[in-house]
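Novice: The structure is given below, and queries will be raised subsequently.
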Amino acid sequence: MNRLQTVVTVLCGTLLFALATAALAGPADEKQKPKNAATLDDQAATLTQTTDGKEKTSKVDLKYCLKVKGYFDKDGFNIEEVDADGPAARLSDPAGGGNAGMEKGDIITEVEGKKIKSAQDYAKALNGAADHTKTKIKVKDVNSGDEKEFTVDAAQR
């Protein structure tokens, strides 16, 4: 009987250790920011890049903003921070299906029908919107993975 108790105790301990390790590691599908990805603060219109361990901040010609911060990759503008009082927190469904707000992990894939892959793409599309009170954006939702279209009242900087 002692041998069985020892085996069960060791198995339970191993299982608890494995569960704790998995919990600390976070979700397996959580997207990781690329090491040298450029970060845009659209409210401040600044782009921060790290080269050879040194941060370099430059201005971006951005006349309107959604009050978000994030980085760019092949998928689009990956949102890391959303101002709770900013336009990105108050998106409208163009089909009249209600309102939504962006959150960390969402990805802006298009602005005014233009694919977003860089700060320059984002600035050009946002600045060039015909009606900034109804700027069209396409967002990939972090929770569902679905890509949805919204309109947003972009704030003037």
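Novice: May I ask you to give the solvent-accessible area per residue for segment 36-157, in square angstrom, as obtained with a 1.4 angstrom probe?
Specialist: It amounts to 54 Å² per residue over segment 36-157.
Novice: Which length gain, in nm to one decimal place, applies between Asn99 and Lys124 when the Cα-Cα distance is subtracted from 0.36 nm times their residue separation?
Specialist: 6.4 nm
Novice: State the extension gain, in nm to one decimal, for the chain segment bounded by Asp141 and Ala84, taking 0.36 nm per residue of separation less the distance between their alpha-carbons.
Specialist: Taking Asp141 through Ala84 to full extension adds about 18.8 nm, to one decimal.
Novice: While we're looking at this one, here's another question. Around Ala130, under 13 Å between beta carbons, what's the net of Lys plus Arg minus Asp minus Glu among the other residues?
Specialist: After counting each charged neighbour, the total is +1.
Novice: How high is the FRET efficiency between Glu149 and Lys117 when r is their beta carbon distance and R₀ equals 25 Å, given to the nearest 0.05?
Specialist: Between Glu149 and Lys117 the formula returns 0.85.
Novice: Compute the distance in nm between two label points, each set 7 Å from the Cα along the Cα-to-Cβ direction, one at Lys35 and one at Asp52.
Specialist: Distance between the two pseudo-spin positions: 1.6 nm.
Novice: Does segment 66-156 come out rounded, prolate or oblate, given a ≥ b ≥ c as the square roots of the eigenvalues of its C-alpha gyration tensor, rounded meaning a/c under 1.5 and, failing that, prolate meaning a/b above b/c?
Specialist: Because its axes are fairly even, with a/c under 1.5, segment 66-156 counts as rounded.
Novice: For segment 92-139, which whole-number percentage of the solvent-accessible area (1.4 Å probe, protein heavy atoms only) is attributable to carbon and sulfur atoms?
Specialist: Whole-percent figure for carbon plus sulfur exposure: 47.
Novice: Also: At 7 Å along the Cα-to-beta-carbon direction for both Thr133 and Ser92, put a label point, then send me their distance in nm to one decimal.
Specialist: 0.8
The values are calculated or read from the model by the stated rules, or taken from the named source; none is laboratory data. Note that this is a predicted model, so its numbers are computed, not measured. Quick reminder, even Gly has a Cβ in these numbers, built from the backbone with ideal geometry, and neighbours come from all protein chains shown. We work out accessible area using only protein heavy atoms, side chains counted, and drop any ligands, DNA or RNA first. Shrake-Rupley method; radii C 1.70, N 1.55, O 1.52, S 1.80 Å.
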